[in-house]
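Asker: Mind having a look at this structure? Questions to follow.
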Amino acid sequence: EMAAFRKKPVVIEATQFEGTMESANRVLAWIGSHGGYATRAHMMMPEKGIIIHTLEGNMTAAVGDWVIKGTKGEFYPCKPDIFVETYEPATPLPTQSSMR
């Protein structure tokens, strides 16, 4: 018998990889600080992406991809269009005036 189900809302943490060395270092430090493992695909060319070691094998976060920390502490990349379709901010983002 067919029944309707709604996906349970879950809150995840995520950051977008912008393809710069600063962005790559920020993403790598964030993953590493939570016990994950990731490396730049190329040491000197961050635009080549970030390789994230996942339970399903290595996955590459390309420029523009979001890196998600899942509910069990796992990290994985997500394409920007899928991210926008799937996620919305869980709390209001800080405004420039509140960051001063």
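The values are calculated or read from the model by the stated rules, or taken from the named source; none is laboratory data. Only a predicted model underlies this, so the values are computations on that prediction, with no experimental measurement involved. A quick note on method: Cβ atoms are made from the backbone with ideal geometry, for glycine too, and the neighbour counts reach across all protein chains shown. When the accessible area is computed, the model is the full protein with side chains, heavy atoms only, and any ligands, DNA or RNA have been set aside. Shrake-Rupley method; radii C 1.70, N 1.55, O 1.52, S 1.80 Å.
Asker: So residue 74 ticks every box in (1) in contact with a Pro (Cβ under 7 Å, 6 or more places away or on another chain); (2) within 12 Å of residue 13 (Cβ to Cβ) but one. Which box is left unticked?
Answerer: Every listed condition holds for residue 74 apart from (1).
Asker: Then there is this: Looking only at the range 9-16, decide whether some residue is over 12 Å from the mean Cα position of the chain (by Cα) and polar (S, T, N, Q). Quick ask: steps written out before the conclusion?
Answerer: Filtering the range 9-16 for residues over 12 Å from the mean Cα position of the chain (by Cα) gives 9-11.
Of the ones still in play, those that are also polar (S, T, N, Q) are none.
Looking through the range 9-16, none of the residues is over 12 Å from the mean Cα position of the chain (by Cα) and polar (S, T, N, Q).
Asker: Restricting attention to the range 38-61, report how many residues are open to solvent by 50 Å² or more (accessible area, probe 1.4 Å) and among the hydroxyl-bearing types (Ser, Thr, Tyr).
Answerer: 1
Asker: Can you pull out every residue in the range 16-26 that is part of a loop (DSSP other than H, G, I, E, B) and open to solvent by 80 Å² or more (accessible area, probe 1.4 Å)? Before you say what the answer is, go through the steps one by one.
Answerer: Initial filter on the range 16-26 (part of a loop (DSSP other than H, G, I, E, B)): 17-20.
The answer is 18, and nothing else.
Asker: For residue 47, are the conditions met, namely being at pLDDT 95 or above and under 19 Å from residue 80 (Cα atoms)?
Answerer: Values: at pLDDT 95 or above: yes; under 19 Å from residue 80 (Cα atoms): yes.
Yes: the conditions hold for residue 47.
Asker: Continuing with this model, one more query. Tell me which residues, restricted to the range 73-100, are modelled with pLDDT of 95 or more and open to solvent by less than 60 Å² (accessible area, probe 1.4 Å).
Answerer: Once the filter is applied, which keeps residues that are modelled with pLDDT of 95 or more and open to solvent by less than 60 Å² (accessible area, probe 1.4 Å), the range 73-100 yields 75, 77, 78, 80, 83.
Asker: When you go through 70, 64 one by one, which is the residue that is modelled with pLDDT under 95, in contact with a strand residue (DSSP E or B) (Cβ under 8 Å, 6 or more places away or on another chain) and open to solvent by less than 60 Å² (accessible area, probe 1.4 Å)? Spell out how you get there, then give the answer.
Answerer: Values: 64 fails: modelled with pLDDT under 95.
That would be 70, the only listed residue that is modelled with pLDDT under 95, in contact with a strand residue (DSSP E or B) (Cβ under 8 Å, 6 or more places away or on another chain) and open to solvent by less than 60 Å² (accessible area, probe 1.4 Å).
Asker: Next up: Does the range 27-37 include one or more residues that are open to solvent by less than 30 Å² (accessible area, probe 1.4 Å), under 20 Å from residue 82 (Cα atoms), assigned to a loop (DSSP other than H, G, I, E, B) and touching a strand residue (DSSP E or B) at 6+ places or on another chain (Cβ under 9 Å)?
Answerer: Our first condition is that a residue be open to solvent by less than 30 Å² (accessible area, probe 1.4 Å); within the range 27-37, this holds for 27, 31, 36.
Okay, now just the ones that are also under 20 Å from residue 82 (Cα atoms), so 27.
Keeping just the survivors that are assigned to a loop (DSSP other than H, G, I, E, B) gives none.
No: zero hits.
Asker: Can you spot a residue in the range 4-15 that is β-branched (Val, Ile, Thr), surrounded by 12 or more Cβ atoms within 10 Å (Cβ to Cβ), touching a strand residue (DSSP E or B) at 6+ places or on another chain (Cβ under 6 Å) and assigned to a loop (DSSP other than H, G, I, E, B)? Give the steps one after another, and end with the answer.
Answerer: First, pick out the residues of the range 4-15 that are β-branched (Val, Ile, Thr): 10-12, 15.
Retained after the next criterion (residues that are surrounded by 12 or more Cβ atoms within 10 Å (Cβ to Cβ)): 12, 15.
Now narrow it down to the ones that are touching a strand residue (DSSP E or B) at 6+ places or on another chain (Cβ under 6 Å): 12, 15.
Going one step further and asking which of them are assigned to a loop (DSSP other than H, G, I, E, B), we end up with 12.
The answer is yes, given that some residue of the range 4-15 is β-branched (Val, Ile, Thr), surrounded by 12 or more Cβ atoms within 10 Å (Cβ to Cβ), touching a strand residue (DSSP E or B) at 6+ places or on another chain (Cβ under 6 Å) and assigned to a loop (DSSP other than H, G, I, E, B).
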